1. Taking helices (runs of 4 or more DSSP H) that fall entirely within the stretch A:81-195, which contain at least 1 residues that are over 30 Å from residue A:16 (Cα atoms) and within 14 Å of chain B (Cβ to nearest Cβ)?
2. Please tell me if residue A:56 is away from every other protein chain (no Cβ under 14 Å), assigned to a helix (DSSP H, G or I) and modelled with pLDDT of 95 or more.
3. Scanning for something touching a residue at least 60 places away in the same chain (Cβ under 8 Å) and outside any loop (DSSP other than H, G, I, E, B), does the stretch A:274-287 turn up at least one residue?
4. So residue A:20 passes all but one of these: (1) more than 10 Å from chain B (Cβ to nearest Cβ); (2) at negative phi. Which condition number does it fail?
5. Out of the residues in the stretch B:221-235 meeting the condition of being touching a strand residue (DSSP E or B) at 6+ places or on another chain (Cβ under 8 Å) and farther than 12 Å from residue B:185 by Cα, tell me which one is nearest to the other protein chains (Cβ to nearest Cβ).
6. Hey, residue B:80 hits all of (1) part of a helix (DSSP H, G or I); (2) in contact with a helix residue (DSSP H, G or I) (Cβ under 8 Å, 6 or more places away or on another chain); (3) under 21 Å from residue B:149 (Cβ atoms) but one; which does it fall short on?
7. Out of (1) at pLDDT below 95; (2) over 16 Å from the mean Cα position of the chain (by Cα), what's the single condition that is false for residue B:299?
8. Kindly check whether there is at least one residue in the stretch A:23-41 that is assigned to a helix (DSSP H, G or I), buried (at least 24 other Cβ atoms within 10 Å of the Cβ) and within 14 Å of chain B (Cβ to nearest Cβ).
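The values are calculated or read from the model by the stated rules, or taken from the named source; none is laboratory data. No experiment lies behind these values; they were computed from the predicted model shown. No Cβ is skipped: glycine too gets one built from the backbone with ideal geometry, and neighbour counts run over all protein chains shown.
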């Protein structure tokens, strides 16, 4: 087992498992920063996983497929925003509706497009390519990790930086945070909270759709029924644990990805699989514990100073 | 605002129901007489439509699916077996109707009422259904309608616990027997040093198994697989990984990749859709994975070169056999029968693709083993209390 843990394959597995969670965690953080919990991530990812396959196959290349999927993801975000902001639906219930619609809707769509109910194997898919970086590729060990990843994995890391800059260095990012912190205060200085939350949810949908696209166009090369398998919810937890910041979400997603990859390797040992399957969830619990303990200490220190 | 929310929920429920019913899209396999009614018209029609044509001596069967046709597995197989029987005997001797109840959680509430409606209509000599989810509705219906005959496949019916009903014939499959052959084939492949398999390293005697959830049926697959492999070479190590569900194909792929990277050359996926992950992993690594429940080499042409063959439970054959026996008056209702190779209840796909994928010595050995299982020389262990 140790040799498996020290091979580049293990680190590749971590990055692979991290990518979809990371996109969704970023999606969750931008929505949370604007004051809305986007629980529809799961449904958006599932829809996007199918859209990715369909659009890529229709247009004949993955790039336009990805763009169209991002547009579709943004539209689902818009739909959620419409229900929550215009119709004043409870944000959690609207999200549950979208998630339920995704479970049945993707099967219906897949049936209409491919005649299959279980998986999209009859559609020839165009997945995002792996990127080989010259020179870096040749570094022993490290090169096999830094290079040769799926394009979407690199994009997810770029997205962390972009989202960080967006939220903390741009006027729009400031407005999003202002609305999330205190809607009334933001309104009082002339910010339209509705407009800002619309933008945040659409952006959230676009980011989640990129995670969904990766599921069927990189991780796997086909869509299979219910393939999001709870990743959207895990991402919600990752984002919350990371304090709803892009960088925090990245670190926690990486931790979750590592826990999942470790659990996968551990199944090769004699340890009962029931215990191993607890590893990702145990990590979440421990992580949350440490996070809230650290938060408590910080508050205590502040209190002492005051 | 509540109204809007309610509308939204209704819309989403309707959408998901239509999705799993999928009845507006007639699958190519379906044909005239069993074209399913749409959701709404169903209740009205089923009591009257078939009655006119039903002359006194036609044997009529109703196949109630807690899923839909087009699964390319159990349900299609059941439909195929009944269609074959009707074509053979003629529709005036045997006829059947398929009712697709849908397989999603939101469809569950209508399974039992549909079953009871069918019992109530008294138009069918036998009502056929399968899988563990139908066990409870069946127990209820069988007690309520003691004169109605039922067939129940792929899950053990608890006769003793339900007042020993004499109107149910229960069919189980020896997935351990067919898995024995898969295990033997996998063991012969991973130790093959003839160079037939370019990417197999005969020194690592490891084969893999990807299970969905750790339950009795999946363990039955595993038991047979392990026994088959060890009978070929006792040193073979079987790496077992469990997905934890039947849908997470990405996790299935990661688990399988971890196995292949640890020296496994041949795998066996018994994990539903999650098992497709193992097949993709085999494709990525240019290694092998055996298929299950449907002819996956034919279904997944992109990965056919990685799938030597598939292990099938032949639901269609078993129903064909049962109804023929029933027509002769020889079917033992009130009992459970476990069908293996001898009765055609399970099979390993042996087509041109199989002959191309496996060298002759392996195929000959598999035929030999199959014969030994049929004549009882080899008894395959089981994980199921029968």
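1. Values: elements: A:91-114, A:142-146, A:151-169, A:171-181, A:183-188.
By residue number, A:91-114.
2. Numbers: away from every other protein chain (no Cβ under 14 Å): yes; assigned to a helix (DSSP H, G or I): yes; modelled with pLDDT of 95 or more: no.
For residue A:56, the condition - away from every other protein chain (no Cβ under 14 Å), assigned to a helix (DSSP H, G or I) and modelled with pLDDT of 95 or more - is not met.
3. Let us first name the residues in the stretch A:274-287 that are touching a residue at least 60 places away in the same chain (Cβ under 8 Å), namely none.
No, the stretch A:274-287 contains no residue that is touching a residue at least 60 places away in the same chain (Cβ under 8 Å) and outside any loop (DSSP other than H, G, I, E, B).
4. (1)
5. It comes out as B:222.
6. Every listed condition holds for residue B:80 apart from (3).
7. (2)
8. Yes, the conditions are met somewhere in the stretch A:23-41.
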